[in-house]
Amino acid sequence: GIGSGSRSAASFAMAVKPRYHFVSGVGCFYQRTPYKIPLPADMSLLPTGSNTSTRLLAIDQVSASKEKSKKWLHALSIRPIIHLSAAELAEIPAGSTDCPYVDIGTPSGLATAAGNKNPFVSGATAIADLQSAKRVRLDAKGNFAPPLPPGPPPAAATAAASGSFFFGSMGVPRNPNGGPAGPAGVNLVPPSATATTLFIGGLLRSMTDMDLESLLQGVKYVKRPAGKAFAFVEFVSHEAARNCVESAARRGLSIQGRTLTVGWGKEREPQDRNQHTGAGDENTVIERQLIPPSEDAKTLFVAGLGHFDPTAEVVEPSSGLSAIHSALGKLFPGVVSVDQPKGKSYAFVEFESYEAAMAVVTQSINEPRVMVLQNTPLIIGWAKGDHGTGPGADRLLLEPPSATSKVLFIGNLPASATDEQLTALFAECGAISVKRPEGRDYAFLEFANTQEAQKAMKLGELTLDEHVLLVGWAKGRAAERSNQSAECWFCLASPVVKVHLIVSVGEHSYLGLPRGGLTPQHVLIAPIECVPSRVHLSAAARAEMVRFQDSVESMFQAQGCVSLRFERALRTKGSRDHMQAHMIPLSLSAVQLAKSFTAFLQKASAAKLKFHEVQDDQAIDEVVVSMEGGPYQEYFYIEIPVTAGSSLNSDNSNGAAGEVEGSDSNNRVEKGKHRRFVYVQEESATKFPMQFGLEVAAEILGQPERGHWKNCLLPEAEEASLCDDFRAAFAPFDFTLG
Ligand SMILES: [Zn+2]
């Protein structure tokens, strides 16, 4: 939002002190000689008053200049500040000019500003701007924050600005108290008078913890995330850590010819090395309640029991214990009672003593891998109060808050964790977006759908840089996807939905033509909102979809047609999970009709798909829910038109065709009767062929080449006119018009 040559840009450059300063909109490529810019005062590694340099490049669209010689592609090889030594930072390229922007906080600055002839900031008008620039602030996201009311005196403001200035980063330090940590930068001010952790950056992979321990004085231990170029070094005392920072500032610190970056790390409670896995972080303590609420507490909160199978536990009939009590009793000594609220995946476990409970909590910290019940890792913490609100019930949601939830909360992230690392960790479940609030140790991961998120919940213990991650369902607004319908082709609210193909809109669902329909009257019925399957529809929404279907069926029948119907509740790659029911009218003789059934059987067998026949008295959603994968599984459901009263046998396709051939083959079918089949996607099975329904229909119509929607695409104008035709024909049957 800052134009080139504007005084705001100048003010901003002065406030940010960038290493690279890009200017756009001047209509050409222009490389200014670098200019010097004072280092912030807290870069005390360098002598006071040191400068660093800023490269200024004006860039524009390549096509902006007609002259060939002015078309530039400018490549930069940028080294992050963290990898630069103090000396490198202070290196000023030959020919650098003085800073074109001035700090009016000093009398000499005022004088310079008044006489400045720089094209970007000139004369007295700059003074007012620079005065207001003193109040330029960035909020936590790096956006401009409103000016601070009332402006402090210039000199003090300058100091304040550089005091909180985090060199090389656009944002403010993560910790507003001045304790940024991690590879994003170094902090040269100790976060507290007792801090003992330093951040050491610029390490080579070949360098070992031992190298560091022998290089530095007073090291207690080195904690280095695998594969990282930095380490956190815990010192025996604050003084030892301070000496290290100061000596690095005075003389530089190098090892194997490499200058290291030394700064203060995030403050930790001094503790034993082993406890760093999961327990060290203060937030973990809150989440898992690792600190006992009182010295006579005996009850623990144990979560992760969602997949507990009571039948797999051998319980002595005489013992009188519940299966879960027996199972947990085997795992932990001293269990007195187990209270698992009905339908919940957690339990409150009372132990015979504080010590027995404490031993379990301690073990869960030191040996989390042992805390596994029936292959599911347990989350263990102290129960709060009268175990009404355990940390899980309170903070970590272990059951999806709604049937369409697909966002997970990932807690206890190390500061160094990147979005890419998180995505990689959940690669097999395909996390599609990561939202991490700035400076927080948690993130929200959105998955393609509930099933994938469920899978992610079952991944078991996950660690990132030795942090044991807390994984639960997101709640409240975080659970709502920010871009609910942004990419879905079938959400009515989606900007990509093809409005010209919509026939009729009801309260919960709508009728439309699909893109690339197989026939001019191939229609689609879908919920208005993203609902992955029929199982998750409200009763009213389900009823309305049936109503649309019946209306269309009536229309087809009036035209002497039967319909082939199929319903997809399948995950698609790019798009969202949005159930859709298709209806394709078929004008067929009984012979053709019999062949249609054969076509289905042959297609299914060629693709090795195992369909279950749905009985007349069964509802499709009941069938899906009753199957092993439960309500979240994907399915494909098809209704094949057959002659009324025929006794087709699904096991014998030839016989099926033969039987019907014997009947009156020239009669049009009067009334539609369907046989219904469902395919439920098993986790291990290969992905159901997305175009299966279309392929069957195309085969029946004798046009197998049209078995993919992409082969049937029409220009939009033709689509729109097809839709108008259909809408007119459907009007007498359209209940939404009544
Ligand atoms: Zn949708």
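The values are calculated or read from the model by the stated rules, or taken from the named source; none is laboratory data. As the structure is a prediction and not an experimental result, all values here were calculated from the model. In this analysis, Cβ positions are derived from the backbone assuming ideal geometry, glycine residues included, and neighbour counts consider all displayed protein chains. Each accessible area value is taken on the protein alone, full model and side chains, heavy atoms only, with ligands, DNA and RNA left out. Shrake-Rupley method; radii C 1.70, N 1.55, O 1.52, S 1.80 Å.
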ask   = Hey, among the residues in segment 522-531 that are touching a residue at least 60 places away in the same chain (Cβ under 8 Å) and either farther than 28 Å from Gln559 by Cα or buried (at least 24 other Cβ atoms within 10 Å of the Cβ) (or both), which one's farthest from the ligand (Cβ to nearest atom)?
value = Val523
ask   = With (1) out of contact with any Phe, Trp or Tyr (no Cβ under 9 Å at 6 or more places or on another chain); (2) open to solvent by less than 50 Å² (accessible area, probe 1.4 Å) as the list, and Leu694 as the residue in question, which single condition is left unmet?
value = (1)
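Matching residues to (1) at pLDDT below 85; (2) in a helix (DSSP H, G or I):
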| site | (1), (2) |
| --- | --- |
| Leu328 | no, yes |
| Val349 | no, no |
| Ala357 | no, yes |
| Ser364 | yes, yes |
| Arg369 | yes, yes |
| Pro400 | yes, no |
| Phe409 | yes, no |
query = Is there any pair linking a residue in segment 352-363 that is more than 15 Å from His325 (Cβ to Cβ) and in the same structural domain as Ala297 (by TED's automatic domain parsing) to one that is open to solvent by 30 Å² or more (accessible area, probe 1.4 Å) and part of a helix (DSSP H, G or I), with Cβ under 8 Å and at least six apart or on different chains, and which?
reply = Gln363/Val370
message = Here is a check on your reading of the model: is Ala619 over 17 Å from Lys687 (Cα atoms), free of Cβ contacts under 8 Å to residues at least 40 places away in the same chain and either of a type in the set (Gly, Ala, Ser) or crowded, with 23+ Cβ neighbours inside 10 Å (or both)?
response = yes
ask   = Taking the condition at pLDDT below 80 and of a type outside the set (A, V, I, L, M), does Arg273 pass?
value = yes
request  = Name every residue in segment 532-543 that is of a type outside the set (S, T, N, Q) and open to solvent by less than 20 Å² (accessible area, probe 1.4 Å), in order of residue number.
outcome  = Pro532, Leu537, Ala541
query = Quick check: anything in segment 246-254 modelled with pLDDT under 70 and in a helix (DSSP H, G or I)?
reply = no
task = Please work out which residue is farthest from the ligand (Cβ to nearest atom), limiting yourself to segment 534-553 and to residues that are touching a Pro at 6+ places or on another chain (Cβ under 8 Å) and over 23 Å from Pro732 (Cα atoms).
result = Val535
ask   = Which one of these is out of contact with any Leu (no Cβ under 7 Å at 6 or more places or on another chain), of a type outside the set (Gly, Ala, Ser), open to solvent by 30 Å² or more (accessible area, probe 1.4 Å) and modelled with pLDDT under 80: Glu661, Glu718?
value = Glu661
ask   = When the residues of segment 487-521 are filtered to those that are surrounded by 19 or more Cβ atoms within 10 Å (Cβ to Cβ) and among the aromatic types (Phe, Trp, Tyr), which remaining residue is nearest to the ligand (Cβ to nearest atom)?
value = Phe490
task = Could you check, for segment 576-591, whether at least one of its residues is within 26 Å of Thr736 (Cα to Cα), under 30 Å from the mean Cα position of the chain (by Cα), within 16 Å of the ligand (Cβ to nearest atom) and without any contact (Cβ under 8 Å) to a residue 60 or more places away in the chain?
result = yes
